[in-house]
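Report on the following structure.
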Amino acid sequence: MASTTSGDVLPTGGRIFTSIPDVFFIPEFVFGGLVWILVASTFVSPANPLGWVMFVSVFCFVVTTVWFFIFLCGANQSSVWPSLDVAYHFVAVVFYLSASVALAYITLVQDQLLVIVTTFENLKFYRLDIAAVVMSYVATLLYFLHAIFSAIRWKRS
């Protein structure tokens, strides 16, 4: 019976910049960080849903950073890492999708409030929220693609 060695399953070092699921690490940093920055720079009027968005963006940013350095240092050579990679990215997709929907809803509510009271400050926050919604959905898409390609890699191993 042929078996693959655990060293060939996941890339390490500089090879993570050329392997197909792991090349999504850098765009995940960029778009996740933009969500974090854009939501932090707006006025938090309904604090609970925007608190969830901040938690998701900070949590995924920190865990993706740790995940990236684990892959970069080569500490991912155990046979359990491919399944952990799929599990983490699936959880990140679910978190980001729920945060994106909540952020889009809050932005829609702010649009309706903007009709009632239009000031320059409200318009600025509304535009920042729109940008945060777009970046959040792009981050969701990137995590989804990473999860799909990680699942394909996991099934091949």
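The values are calculated or read from the model by the stated rules, or taken from the named source; none is laboratory data. Since this is a predicted model, take the numbers as computed values, not measurements. Here the Cβ positions follow ideal geometry from the backbone for every residue, glycine too, while neighbour counts run over all protein chains shown. When the accessible area is computed, the model is the full protein with side chains, heavy atoms only, and any ligands, DNA or RNA have been set aside. Shrake-Rupley method; radii C 1.70, N 1.55, O 1.52, S 1.80 Å.
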Please work out the average accessible area per residue across the range 84-143, using the 1.4 Å probe convention, and give it in Å².
52
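Just want to confirm a number: the relative contact order over the chain, from Cα pairs under 8 angstrom separated by 6+ residues, in percent.
Normalised by residue count, the contact order of the chain is 39 percent.
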On a 0 to 90° scale, report how tilted helix 81-116 is relative to the longest principal axis of the chain, with both axes built from alpha carbons and the result rounded to the nearest 10.
10
Carbon plus sulfur fraction of accessible area for the range 62-151, probe 1.4 Å, in percent
80
Using the per-residue mean of other Cβ atoms lying within 10 Å as a proxy for protection, in what order, highest first, do the peptides 136-142, 60-66 fall?
136-142, 60-66
Between Rg and the Kirkwood Rh of the chain, both from Cα atoms, what is the Rg to Rh ratio?
1.10
Angle between the chain longest axis and helix 25-40 axis [Cα atoms, degrees, rounded to 10]
20
Degrees, to the nearest 10: 120-156 long Cα axis against longest axis of the chain:
20
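State, to one decimal in nm², a quarter of the convex hull surface area for the C-alpha atoms of the range 39-112, i.e. the direction-averaged projected area. Display every interim value, and only then the final one.
On the way: hull surface 21.9 nm².
The number I arrive at for the range 39-112 is 5.5 nm².
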